[in-house]
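The values are calculated or read from the model by the stated rules, or taken from the named source; none is laboratory data. Note that this is a predicted model, so its numbers are computed, not measured. Here the Cβ positions follow ideal geometry from the backbone for every residue, glycine too, while neighbour counts run over all protein chains shown.
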Amino acid sequence: MTDPVQHYLRPGTLHLSAMPPLSLYVHLPWCLRKCPYCDFNSHEIQGELPEQRYLDAVVADLEASLPLVWGRVVHSIFIGGGTPSLFSPQGIDRLLADLRARLKLTPDCEITLEANPGTFEKERFRAFRSAGVTRLSVGVQSFNDAQLKALGRVHDRAQAVAALEEAALAFDTFNLDLMYALPGQTMEQLEDDLGQAIGFMPPHLSVYHLTIEPNTYFAKFPPRVPDDDLAYAMLDRITEMTSNAGYERYEVSAYAKPGHRCWHNVNYWEFGDYLGLGAGGHGKLSFPHRVVRQVRYRDPRAYMDNALAGNAVAQSEEVRRDQLPFEFMLNALRLREGFVLARFSERTGLPLSAIEQPLREAERKGLIERDLTHVRPTQRGFDFLSDLQQLFLAA
């Protein structure tokens, strides 16, 4: 059997001068109920949550992966789902202890846990903080009971309010997740939702446009959502209201008070590395001569069986040289500040000449501005981000 480490360390056409920062993503895939818009790898709980066996599988997955990241320091951990807060605080405490025992974390390692509003989950927030979680991300989506029902959420406005009050007491940094362009939503309803969200003074706000994803309930039975003109007007209003409240829009959907950006997500957008553990977990790892993407088994039962047998990875492949410019730009151009040109070569192992032609085209179309060291999307580039990113597809 080929040693995967030696396989990845063999000579190749890329030349990465240094390894990027490393993050860890852990996927906990269960929910109380699958939302009709959700295309994430989430599964409704059927019977008792197999918490201990699943955590055993995650640890086995990590141990099999350690040779690929040996000696590297982890800067952030993100525990996502699903609804990770369905796991007990004892389970999260055990998970974090197991991770710390096997990985070197930075002293200020950001550890985020996704949570949904709900009476029993709210009681767990302080215990999650005691377990070592430093940042909570609360999936509110709306404060309007009718909208929450249309979105298939299991909580109501009162539970959302209670969860945010508890999050503010338990955490110095927390994120509030909101969605807009919801079924039947008016501008006034959006302003009411966002006004209530800002009223809780979350250090970080994520505001996402509802998109109808393939293979979801909404794809089969599409709701009536605001047209493009109204959705664009809503985004303008979101930008205005958040700016007036002291938030900086540092990424397409992310707004933060000074000092409260989500480091884990910034690492994604800057084309950093991340080891993805758990059912369906995606990872990106760099080596001196190649960039590799991995995907874990998606079905929770299949994942547990395979991970415990030492074979959690369902798919592993090198990112092709001609795909790297697009993959880099797909992330980096989401950031309002853009990227330092030297980082492109550092993170992809490619010369800057690989993107010179599409950069010129983007500049000609008014989608970016650049100088000798930096590339930034213009406001037009930010508004038509997919058009900008697509210029790099054939780079």
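Of all residues in segment 89-119, those that are under 14 Å from A131 (Cβ atoms) and at pLDDT below 95 total 1. Once segment 213-241 is narrowed to residues that are surrounded by 14 or more Cβ atoms within 10 Å (Cβ to Cβ) and within 27 Å of S42 (Cα to Cα), the residue that is nearest to the chain's Cα centre (by Cα) is T216. The residue of segment 98-128 that is surrounded by the fewest Cβ atoms within 10 Å (Cβ to Cβ), among those that are of a type in the set (G, A, S) and touching a residue at least 24 places away in the same chain (Cβ under 8 Å), is A127. Only a single criterion out of (1) surrounded by fewer than 17 Cβ atoms within 10 Å (Cβ to Cβ); (2) outside any loop (DSSP other than H, G, I, E, B) is not satisfied by P11, namely (2).
If only residues of segment 146-193 that are under 24 Å from A233 (Cβ atoms) and of a type in the set (D, E, K, R) are counted, the one that is surrounded by the most Cβ atoms within 10 Å (Cβ to Cβ) is D193. Considering segment 251-265, and only residues there that are surrounded by 19 or more Cβ atoms within 10 Å (Cβ to Cβ) and in contact with a Leu (Cβ under 8 Å, 6 or more places away or on another chain), the residue that is nearest to R334 (Cα to Cα) turns out to be E251.
For segment 282-306, filtering for residues that are buried (at least 18 other Cβ atoms within 10 Å of the Cβ) and within 25 Å of E346 (Cβ to Cβ) leaves 9. Among the residues of segment 127-153, those identified as among the hydrophobic types (A, V, I, L, M, F, W, C), farther than 30 Å from A97 by Cβ and in a loop (DSSP other than H, G, I, E, B) are F143, L151. How about segment 365-391: which of its residues are assigned to a loop (DSSP other than H, G, I, E, B), modelled with pLDDT of 95 or more and either among the hydrophobic types (A, V, I, L, M, F, W, C) or in contact with a Ser or Thr (Cβ under 7 Å, 6 or more places away or on another chain) (or both)? Selection gives G366, L367, L391.
Yes/no matrix, rows are residues, columns are (1) under 13 Å from the mean Cα position of the chain (by Cα); (2) without any contact (Cβ under 8 Å) to a residue 60 or more places away in the chain:
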position	(1), (2)
N244	no, yes
Y247	no, yes
C262	yes, no
E270	yes, no
A279	no, no
G283	yes, no
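Among the residues making up segment 324-344, those that are basic (K, R) and either assigned by TED's automatic domain parsing to the domain that holds T239 or outside any helix (DSSP H, G or I) (or both) are R334, R336. Only residues that are aromatic (F, W, Y), more than 22 Å from L333 (Cα to Cα) and at pLDDT 95 or above were counted in segment 192-250, giving 1. Taking the stated definitions as given, is G71 assigned by TED's automatic domain parsing to the domain that holds L178 and modelled with pLDDT under 95? Yes, satisfied.
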